[in-house]
Amino acid sequence: MQQWDVIVIGAGAAGLFCAIEAAKRGRKTLVLDNGKRIGRKILMSGGGRCNFTNMYASPANFLSQNKHFCKSALSRYTQWDFLALVQQYQIPYHEKTLGQLFCDNSAKDIVDMLQQECDKAGVQIALQQEIQTVTFNDGQYQLQTNGLSRSCQSLVVASGGLSLPNLGATAFGFQLAEQFGLKVLPVRAGLVPLTWQPDDKAVYEEISGVSLPVTAEANDVVFPEDMLFTHRGLSGPAILQVSSFWQPGDEVVVNLSPQQSVQDFLSEAQQKHPEQELKTALSRLLPKRLVEKLLEQNLLTNQPLKALNAKSSQRIAGLLHHFVFKPNGTEGYRTAEVTLGGVDTDELSSKTMEAKKQPGLYFIGEVVDVTGWLGGYNFQWAWSSGWVAGQYC
Ligand SMILES: Cc1cc2nc3c(=O)[nH]c(=O)nc-3n(C[C@H](O)[C@H](O)[C@H](O)COP(=O)(O)OP(=O)(O)OC[C@H]3O[C@@H](n4cnc5c(N)ncnc54)[C@H](O)[C@@H]3O)c2cc1C
C-alpha cells in the first residue's frame, strides 16, 4: 500500500494548483488523472490561447446557490496573484476585451508553467488512472486504481464537471460526494449554444455564419457582446453568457441594434435619402443577410423610406430592439464550456474547501456549485479554490 499525505483527483487547473501549494508545504502529494496528459482542458481553452483570468474578476461574476461562498477564496488568491505567476514565467499575454487575459502564443505556456511548478515543489503525477473504489477508515482514505492500493490523509476532488465527455469528463466527483453523504445540486450545461425550435431552424439555418454585436437577455440578466447564427441555433459570447441563466421554456430577448436607436436611424435616413429602400438603409445597420431574411419572412416590408410613417418606424424598431427567440434547448455537454450546479457549497468550508462533515475530504474547481461567466472567470475559480485548499489539505 502506497502512503501519501495528499492525493488529488484530477490534473486540471484546480487539481494541479492545489497540489503545488500542498507540496510547497512539505506534504507528500500525488495527483491522479484518467487522461494521458495533464491540463487537457487548459490546452484547448480560449481557442488554444487560454483565457487564464480576468482583470475584473469579482464574486459578482459567479453563479452559485450561495453567492457569498466564492468570496473568501477569490479574495485570498486573486487574479493579480495568478498574473504575477504568469509574469514570473515571462509568458507573453494580452487583454483581448473586457479584462480577459489570453496567452499571446499558446495555452501550452500555462500547462508548462504548472508542470514546472509541480516539478519544483515535488508533486508526483500518475496518468491514465481509473479509480475503482474510495473508502475511509481510521482517518485515512484508501483508493484502488489499476490494481494498486494507495492511502492518504487528505483527499482532494478536482475532477471537474461533465462538459466535453470525450476529454475525460466524468461524474466521479458528484458520485464521490454522494458516497460520503454530501448534497449535490442538480447539474446542467452552461456557457453553451442555444438551439432553434424546428420551425426557426428551417428559417435561420440559411444565415449561419452571420455575426453581430447585440445585447442578449434571459431572466433579467443582460450581456452586451457578439452573437452568431449557427446551423443549429444561436451562439457567440452574448448567447453563451445568457445560456447559464436560461431555463427550458424561457425566452431570450435580443437587441439587434444595441448602440443605435433604430427609430433615430430611420428618421435620419428618411430625411437624407427619402427614395432609398428600407432594405438598403437597414443593411447599413445590420448584416445584409439578416435583413434579407427578415424581409423574406415578412417581418419587414421593403419600401422607400419616404413611405414609412411613425407607426411603421416604431414597429420596425420594436422588432429589431426586441427580437424574441424561444430556444428548443442547449447543445448540451458536448459543446458546453462548464457545468452549472454540483457539490452544494453548504457542505464545504469556504475558507478551506474541506467537507464540513467529512474530515480530510476537499472539493475544488468546477465540481463545486460555483460557475463563472465567460471570460477567464472559471479558471480564476480553479486557481483560487485550488490555492486555498492547498494551504490546508
Ligand atoms: C472548450 C472549452 C474552453 C474553455 N475556455 C475557457 C477559458 O478560456 N477561460 C476559462 O476561464 N475557462 C474556460 N473553460 C472552462 C474551464 O476549462 C474549466 O472551468 C476548468 O478547466 C475547470 O477546472 P477543473 O480543474 O475544476 O476541472 P478540469 O479542468 O475539467 O479537470 C478535471 C480533470 O479531472 C480528470 N478526471 C475526471 N474524472 C476523473 C476520474 N474519474 N478519475 C481521474 N481523473 C478524472 C479529467 O480528465 C480532468 O483532467 C473552457 C472550457 C471548455 C470546455
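The values are calculated or read from the model by the stated rules, or taken from the named source; none is laboratory data. What you see is a predicted model; the values in this text were computed from it and never measured. With ideal geometry, Cβ positions are generated from the backbone for all residues, glycine too; neighbour counts draw on all protein chains shown. Calculation scope for accessible area: heavy atoms of the full protein, side chains included, ligands and nucleic acids excluded. Shrake-Rupley method; radii C 1.70, N 1.55, O 1.52, S 1.80 Å.
Values for this structure:
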| item | result |
| --- | --- |
| Matching strands (runs of 3 or more DSSP E) fully within the range 1-118 where at least 1 residues are over 20 Å from SER159 (Cα atoms) and free of Cβ contacts under 8 Å to residues at least 12 places away in the same chain | 93-95 |
| Residue match in the range 351-363 (condition: modelled with pLDDT of 95 or more and near the ligand (Cβ under 8 Å from one of its atoms)) | no |
| Qualifying positions in the range 1-35 - closer than 21 Å to PHE82 by Cβ, open to solvent by less than 30 Å² (accessible area, probe 1.4 Å) and more than 10 Å from the ligand (Cβ to nearest atom) | ALA19, ILE20, GLU21, ALA22, ALA23, THR29 |
| Qualifying positions in the range 154-194 - in contact with a helix residue (DSSP H, G or I) (Cβ under 8 Å, 6 or more places away or on another chain) and more than 11 Å from the ligand (Cβ to nearest atom) | SER154, ALA177, LEU182, LYS183, VAL184, VAL187, PRO193, LEU194 |
| Selected residue (only one of GLU217, GLU205 is charged (D, E, K, R), within 25 Å of the chain's Cα centre (by Cα) and not assigned by TED's automatic domain parsing to the domain that holds GLY46) | GLU217 |
| Any hit, the range 294-310, residues being in contact with an Asp or Glu (Cβ under 8 Å, 6 or more places away or on another chain) and within 30 Å of GLN153 (Cα to Cα) | no |
| Residue ID - farthest from ASP109 (Cα to Cα), chosen from residues in the range 36-81 that are more than 10 Å from the ligand (Cβ to nearest atom) and among the charged types (D, E, K, R) | LYS67 |
| LEU83 vs. criteria of a type outside the set (Ser, Thr, Tyr), out of contact with any helix residue (DSSP H, G or I) (no Cβ under 9 Å at 6 or more places or on another chain), at pLDDT 95 or above and closer than 20 Å to SER385 by Cβ | yes |
| In the range 171-198, residue least open to solvent (accessible area, probe 1.4 Å) [restricted to those that are among the aromatic types (Phe, Trp, Tyr) and under 20 Å from GLN65 (Cβ atoms)] | PHE174 |
| Elements of type strands (runs of 3 or more DSSP E) contained in the range 294-393, each with 2 or more residues being in contact with a helix residue (DSSP H, G or I) (Cβ under 8 Å, 6 or more places away or on another chain) and open to solvent by less than 20 Å² (accessible area, probe 1.4 Å) | 338-343, 361-363 |
